[in-house]
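Derivation of every value follows stated rules applied to the coordinates shown; laboratory data play no part. Everything numeric in this text was worked out from a predicted model, so none of it was measured. A quick note on method: Cβ atoms are made from the backbone with ideal geometry, for glycine too, and the neighbour counts reach across all protein chains shown.
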Amino acid sequence: MKHASQALRQRRMSRLVAGLVLSGLSLLATLGCSLESLYLTWYLESHAQALETPAGTDATPVELTVTPGMGVSEIAAALYARGLISDAELFRRYVQSRGWDTALQAGTYSLQATMTIPEIALILAEGKVAEQKVTIPEGRRLEEVAALLEAQASIPAADFIAFARTGWHAADWAARYSFLADLPAEASLEGYLFPETYRLPLHATATDAVELMVAQFDTRVTPDLRAAFADQGLSLHQAVTLASIVEREAVLDAERPVIASVYYNRLRAGWTLSACPTVQYALGYRADEATWWKPQLYYSDLEVDSPYNTYRHVGLPPGPIASPGLASLQAVAYPATTDYFFFMVECDHTDGSHVFARTEEEHMANFARCGGGIISP
């Protein structure tokens, strides 16, 4: 009994000692964390002025690329090497204090030596990568869109054109965007490069740009809009083609549904569309006037041998002639109900409006009043 009692006391003592040790270790760990936190607070407070002092006065943008897997110390060293911060350790400690040790995001950034450490850290934590803003207006043909990208984002125009014409076929984009599967076998993406203002990564490729535009088209041309095209008896490709002509003709949004109605009336009557923009598209680039859209058409131009010449060929051209905006697409989906078959620019106005006519006689009277020129249609 004596030995059993001693053994019991020893076990109890062992458990007590173990508990005290664990409690002590826990206390030490807590104190350690608290001490580290206190030290970090003291460190940042003692460097408060340095935190708010930029590394330099040169506001020239400096590019920094953070690759996946880079740690805070590596990023701090890269920032220091580029003259963007003056104290790598202070940057690391500041990031640690915000709990951003693993939150700095990969990407290419445009930074300045005039930024403070907190400003730079926030940009990296929020992933505000360097971007380029590109604006594509409505009614531009493929080559014009490519030129705008090259001018605004340094994306080679030739690369953009090549991918939009044939590269998307090789990349099997029809499997990614179902509406592309309905395009003719040799079709380019003319008309599907949705006009919009885009933000592109600093080193975006031609493929990146094309995909942004096609994805925007897929989003903006909703199922309801596509159903409305079908209600008018048009496939998506036909609707985009007609909308591109409306886009090139119209200036005022209020007139777009009316212009669309003229073309519907002519199509359903079996007439030629006789749309000047299709002739301009067929004629191509005019080096002497530095434009893709010849401003003054002559009767001889109306004889150009091209399937896009709607003065010679009945029906729609093979495909779009430009990128229509949403207003023109909606005009084709929901045209006005009219009995107009003709229209031309209203010469008495300077706002780009048109005068419409039901008969050729009315149209020729408008033509005579406005002093001649190539009529449209």
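Any idea how far apart residue 203 and residue 353 come out in nm if each label point goes 7 Å out from Cα toward Cβ?
Result: 5.4 nm between the two label points.
Applying the Karplus parametrisation 6.51 cos²θ - 1.76 cosθ + 1.60 with θ = phi - 60° to the phi angles of region 322-328, what ³J(HN,Hα) value in whole Hz is obtained for each residue in order, glycine and proline being reported as x?
5, 8, x, x, 4, 4, 6
Which of 91, 194, 217 ends up with the largest GNM mean-square fluctuation for the chain, with Cα atoms connected below 10 Å?
91
What is the spin-label model distance, in nm, from residue 60 to residue 181 if the labels are put 7 Å beyond Cα along the C-beta direction?
5.3
Can you put 101, 301, 224 in order of Cβ neighbours within 10 angstrom, beginning with the fewest?
Working: 101 13, 301 17, 224 8.
Lowest to highest Cβ neighbour count: 224, 101, 301.
Kindly write out, for region 340-356 in residue order, the coupling ³J(HN,Hα) from the Karplus curve 6.51 cos²θ - 1.76 cosθ + 1.60 (θ = phi - 60°), rounded to whole Hz, with x marking Gly and Pro.
Result, ordered by residue: 7, 10, 9, 7, 7, 5, 6, 6, 7, 10, 10, 9, x, 6, 10, 10, 10 Hz.
For Cα Rg over 2.2 N^0.38 Å, the choices are [x] 1.61; [y] 0.93; [z] 1.05; which was calculated from the structure?
Of the listed options [x] 1.61; [y] 0.93; [z] 1.05, [x] comes from this structure.
Report the residue, chosen from 45, 143, 89, that carries the largest GNM mean-square fluctuation when the chain is represented by alpha-carbon nodes joined by springs under 10 Å.
The residue that fluctuates most here is 45.
Could you list which residues have their amide H under 5 Å from that of residue 65, counting only those 5 or more apart in sequence or on another chain, with H placed in the peptide plane?
Here 109 satisfy the definition.
Please say if region 131-220 is rounded, prolate or oblate, where rounded means a/c under 1.5 for a ≥ b ≥ c the square roots of the C-alpha gyration tensor eigenvalues, and otherwise the choice is prolate for a/b larger than b/c and oblate otherwise?
Details: a/c = 1.63, a/b = 1.52, b/c = 1.07.
Prolate, since a/c reaches 1.5 and a/b exceeds b/c.
Around residue 140, which amide H atoms from residues at least 5 apart in sequence, or from another chain, sit under 5 Å from its own amide H, with H modelled in the peptide plane?
323
Could you put 293, 173, 42, 168 in order, starting from the residue whose Cβ has the fewest other Cβ atoms within 10 Å? All intermediate terms of the calculation are to be shown ahead of the outcome.
Working: 293 21, 173 18, 42 10, 168 24.
Ascending Cβ contact count within 10 Å gives the list 42, 173, 293, 168.
Treat each spin label as a single point 7 Å out from the Cα along the C-beta direction, and report the residue 116 to residue 135 distance in nm.
About 3.4 nm separates the two model spin labels.
Can you work out ³J(HN,Hα) from phi for every residue in region 248-253, in order, using Karplus 6.51 cos²θ - 1.76 cosθ + 1.60 and θ = phi - 60°, giving whole Hz and x for Gly and Pro?
These are the phi-based 3J(HN,Hα) values: 6, 8, 7, 10, 8, 4 Hz.
With each run of n ≥ 4 DSSP H residues scored as -39500 (n - 2.57), what mean residue ellipticity at 222 nm is computed for the chain after dividing by its residue count and rounding to the nearest 500 deg cm²/dmol?
Working: 14 runs with 174 residues, N = 377.
Rounded to the nearest 500, the figure is -14500 deg cm²/dmol.
Given 0.36 nm per residue, what is the gain on full extension from residue 334 to residue 170 after removing their alpha carbon distance, in nm? Each step should come with its number before you reach the end.
Working: separation 164, 0.36 × 164 = 59.04 nm, distance 3.50 nm.
Stretched fully, the residue 334-residue 170 segment lengthens by 55.5 nm.
Taking only Cα atoms and a 10 Å spring cutoff, compute GNM fluctuations for the chain and point out the largest among 235, 188, 244.
235
How many angstrom separate the Cα center of region 154-201 from the Cα center of region 314-349?
24
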